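Sharing a structure with you now.
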Amino acid sequence: QAKTLGRGRHHFFDVGLRERMQRRLRMEQDLRDAVHDGQLWPAYQPVVDLKTGEMVAVEALLRWTHPRHGAISPAEFIPLAEESDLINVIGKEMLRATTRELASRRANQGLDLTLKVNISTRQLDDPHLVPAVQDALTSTGLPPSALCLEVTESALMRDQEAAGEVLAALRSLGVLLAIDDFGTGYSSLAQLRRLTLDTLKIDRSFITGIAESRDAEAIVTSIIAMAHAVDLTVIAEGVETAEQLDLLRKLDCDQAQGYHLGRPVSAAELFGTQ
Ligand code: C2E
Ligand code: MG
Ligand code: MG
Ligand code: MG
């Protein structure tokens, strides 16, 4: 009996693995099609200044509306895109489309917002990244200081020397740089300083508990103090309640982003139709 069960489990595992691999392959092919068919589009989520309550920036977040499966989460397809060089193609298109959108909102509606665009590890390794950013800026006329590139803490810590060089090249274009999902990696104050960033985003996992847990509050308090000590603007991500927002304001956090302030939506929904 036990033996049958054991073999059965082994069998189930193999089927699961095969299915997962087939699903991945199918999704990768679908993603290639999606790039060509225009199924990928940027959503924008407001970033709010905690002193004035005003929207000061928007984060562009990639969305995939699959013709048969509907919305697929970037948490699922970005890692897939990162395994091939699809991420470089997608990333460049994302830069082009979002800078164009923001430049036009600026010109036509006078919106003075910082555009935040996520850059993945693989893109940092791409020699075409810096020229692509430059190209997006010059072709749309978006001022470099209105663009902030977000790189996750883990991507920055993976190969610090290489990352440092790319960041320096990006910085020389005049764009702003942010460390994303801060607290999930293991960077030190000295490393943060050397990278000469502008903004630090506290990972949502720390914000979730701040109103209930003294520990979470203590961690967020010390991250904010540390970031301010090296002149970084601090953004809290994943703010879902009024309590969290009030507390962050008391803790001297600079800006916040989260469902409580606004979900990621299309440009037309956030800014109106042009
Ligand atoms: P991220 O850059 O840390 O983006 C924040 C994520 O948190 C987004 O998930 C956003 O929708 C979600 N979020 C915002 N506020 C709340 C909240 O109050 N509660 C909860 N539960 N979630 C909230 P999303 O859009 O699913 O994106 C996931 C990740 O995928 C992003 O994390 C980013 O790492 C990556 N990503 C998204 N778009 C791009 C892109 O264009 N390029 C690259 N390289 N990565 C991207
Ligand atoms: Mg981000
Ligand atoms: Mg983040
Ligand atoms: Mg995050």
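Mind listing just one residue for me: the one in the stretch 86-126 that is more than 16 Å from ligand 3 (Cβ to nearest atom) and touching a residue at least 60 places away in the same chain (Cβ under 8 Å) and, of those, least open to solvent (accessible area, probe 1.4 Å)?
Across the stretch 86-126, the extreme among qualifying residues is Arg105.
What are the residues in the stretch 64-85 that are outside any loop (DSSP other than H, G, I, E, B), within 16 Å of ligand 3 (Cβ to nearest atom) and either in contact (Cβ under 8 Å) with a residue 60 or more places away in the chain or among the small types (Gly, Ala, Ser) (or both), if any?
Ala75 - this is the single residue of the stretch 64-85 that is outside any loop (DSSP other than H, G, I, E, B), within 16 Å of ligand 3 (Cβ to nearest atom) and either in contact (Cβ under 8 Å) with a residue 60 or more places away in the chain or among the small types (Gly, Ala, Ser) (or both).
On to the next question. Could you grab me the full set of residues in the stretch 142-152 that are within 16 Å of ligand 4 (Cβ to nearest atom) and either without any contact (Cβ under 8 Å) to a residue 40 or more places away in the chain or of a type in the set (A, V, I, L, M) (or both)?
Leu149, Val151, Thr152
Also: Take Leu142 and tell me if it is buried (at least 16 other Cβ atoms within 10 Å of the Cβ), more than 16 Å from ligand 3 (Cβ to nearest atom) and part of a loop (DSSP other than H, G, I, E, B).
yes
Another question about this same structure. Could you please find all residues in the stretch 188-204 being outside any loop (DSSP other than H, G, I, E, B), within 14 Å of ligand 3 (Cβ to nearest atom) and of a type outside the set (Lys, Arg)?
Answer for the stretch 188-204, where residues must be outside any loop (DSSP other than H, G, I, E, B), within 14 Å of ligand 3 (Cβ to nearest atom) and of a type outside the set (Lys, Arg): Thr199, Leu200, Ile202.
Of the residues Ser139, Ser73, which is within 16 Å of ligand 4 (Cβ to nearest atom) and more than 30 Å from Arg249 (Cα to Cα)?
Ser73
Against the conditions (1) at positive phi; (2) more than 14 Å from ligand 1 (Cβ to nearest atom); (3) not basic (Lys, Arg), where does Asp181 fall short? Just the number, please.
Result: Asp181 passes all but (2).
For every residue, the table says whether it meets (1) in a helix (DSSP H, G or I); (2) touching a strand residue (DSSP E or B) at 6+ places or on another chain (Cβ under 7 Å); (3) within 16 Å of ligand 1 (Cβ to nearest atom).
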position: Glu217; (1), (2), (3): yes, no, no
position: Ala225; (1), (2), (3): yes, no, no
position: Val234; (1), (2), (3): no, yes, yes
position: Gly238; (1), (2), (3): no, no, yes
position: Asp252; (1), (2), (3): no, no, no
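If I ask for residues that are over 21 Å from Arg122 (Cβ atoms) and away from ligand 2 (no atom under 16 Å from the Cβ), which ones from the stretch 156-185 would you list?
Ser172, Gly174
Another question, then. Would you check if Arg204 is open to solvent by 70 Å² or more (accessible area, probe 1.4 Å) and within 16 Å of ligand 2 (Cβ to nearest atom)?
yes
The values are calculated or read from the model by the stated rules, or taken from the named source; none is laboratory data. This one's a predicted model, so the numbers in the text were calculated from it and none came from an experiment. Please note: Cβ atoms are built from the backbone with ideal geometry, for glycine as well, and neighbour counts cover all protein chains shown. The accessibility values were calculated without ligands, DNA or RNA, using every heavy atom of the protein model including side chains. Shrake-Rupley method; radii C 1.70, N 1.55, O 1.52, S 1.80 Å.
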